[in-house]
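Undergrad: Structure provided below as structure tokens; questions to follow.
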Amino acid sequence: MTTWMRITGLCAGASALLACSPADTGVAPEATDTDPEAIYAASSTLWQNKNIPVCWENPGDDAAERGWVEDQIAKTWDAVSSVHFTGWQACAASSSGIRLHIADAGPHTKGLGNQIDGVDAGMVLNFTFNSWSPGCRGQEEFCIRSIAAHEFGHALGFAHEQNRKDKPGDCSAETQGGDGDLVVGSWDLGSVMNYCNPAYNGNGKLSKSDIDGVRLAYDTGLDGLVVNRFDDQCLEIAGGGATDGAAVVAHPCQGGDNQRWSFVKRADGYHQIVSRGSGKCLDVTGSSQENGGRIQLWSCSGGDNQGFTVESGGVTRLRAKHSGRCLDLTGKSQDSDAQIEQWDCQGGEDQRWSLKK
Ligand SMILES: [Zn+2]
């Protein structure tokens, strides 16, 4: 699976953490844990079974704290996707899934996604903050909930948002880990996975991109609505038709099959973009090389005028193989049913597209 979500990397070093820690708490989101085995994780770390067992290796007299963790995960990752974290009882020696270990140490995971399946102390959480991050004392519930949301993001296979190539200059957190093969959405300062988020671990709340990401990773795959950044409208086959030559337009998002597209990677590395309703492909009319070349629906041919690059690093441009030009709203129109065309690739939002469930 290849797409628009980064799925690799691991926890960054302490200096990078401190650089982006919120000044008001003075606490780092987590400690360093650089397990080299995990740094090159990729989309293969996604759990195949979406019911993911969770157990506590050393539950003690801390039912309230454990309850905060379970509740925060139920309210976040669990609530917005078909992933369910189950169990939450004491571990047996043979327990698989996520084995939580409570320690007064820097919270971390020993890998991403299913790399920690059944691993002893696969995720470490801190409930007391005596040695690590004493700034959390007095606000334990806030810290425990916020950190849990972040660490369970790693457990789902998500790396740090600040690893992205489109990190802006004013985010000084260092990247960590190798590049993934999936990037969802635009650079997201509000991500629970972003050390540069001015809110501590996003206050434990998922951003819109976090939600889109977990849904794309676990629910829809590379299939969904293709939404234009400039006008928030969806790629649609005009009139819902399925005939060769039907226009492809931007239309208010309604979620019908004539607005749903699958990105299918071809042998040449480009994607064909297939309409769910018709099974036909997005196509540049007549293999036009010109600005203004019209985008239409056509039977899938494997031609270069049906192959598109999906650029990583944010809300993506869709660049046609044959012309090198990008899908674009004609005349930057925000009207309903504006024709989609190809144009020289530029930085405008009318050439930016995201995939949504
Ligand atoms: Zn982290």
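Just so it is clear, none of the values below were taken in a lab; they were calculated from the coordinates. Everything numeric here is computed off the predicted structure, so don't read it as measured data. We place every Cβ from the backbone using ideal geometry, glycine too, and count neighbours over all the protein chains shown.
Undergrad: Return the distance in nm (one decimal) between the two label points of a simple spin-label model at ALA103 and SER131, each offset 7 Å from Cα along Cα→Cβ.
TA: Distance between label points: 0.8 nm.
Undergrad: Let me ask something else about it. Are there GluC sites (Glu not before Pro) in the stretch 226-327 that DSSP puts in a loop and that have at most 16 other Cβ atoms within 10 Å, and which ones? Walk me through the numbers before you get to the answer.
TA: Numbers: sites: GLU236, GLU290, GLU311; in loops: GLU290, GLU311.
When the GluC sites (Glu not before Pro) of the stretch 226-327 are filtered for loop state and at most 16 Cβ neighbours within 10 Å, GLU290 remain.
Undergrad: Expressed in nm to one decimal, what extension gain is obtained for the pair ALA238 and ASN203 from 0.36 nm per residue of sequence separation less their Cα-Cα distance?
TA: On the way: separation 35, 0.36 × 35 = 12.60 nm, distance 4.22 nm.
The ALA238-ASN203 span can extend by a further 8.4 nm.
Undergrad: A follow-up question, please. Given the pairs LYS110/LYS356; LYS110/LYS265; LYS265/LYS332; LYS167/LYS356, which are separated by over 26 angstrom at their Cα positions?
TA: Working: LYS110/LYS356 30 Å; LYS110/LYS265 31 Å; LYS265/LYS332 29 Å; LYS167/LYS356 21 Å.
Table pairs above 26 Å Cα-Cα are LYS110/LYS356; LYS110/LYS265; LYS265/LYS332.
Undergrad: With +1 assigned to the C-beta of every Lys and Arg and -1 to the C-beta of every Asp and Glu, and no other charges, what is the dipole magnitude of the stretch 222-356 about the Cα centre in debye, to the nearest 20?
TA: Numbers: 14 positive and 18 negative charges, 82 e Å.
Magnitude of the dipole: close to 400 debye.
Undergrad: Roughly how many whole Å is it from the C-alpha centroid of the stretch 58-72 to that of the stretch 189-245?
TA: Answer, in whole Å: 32.
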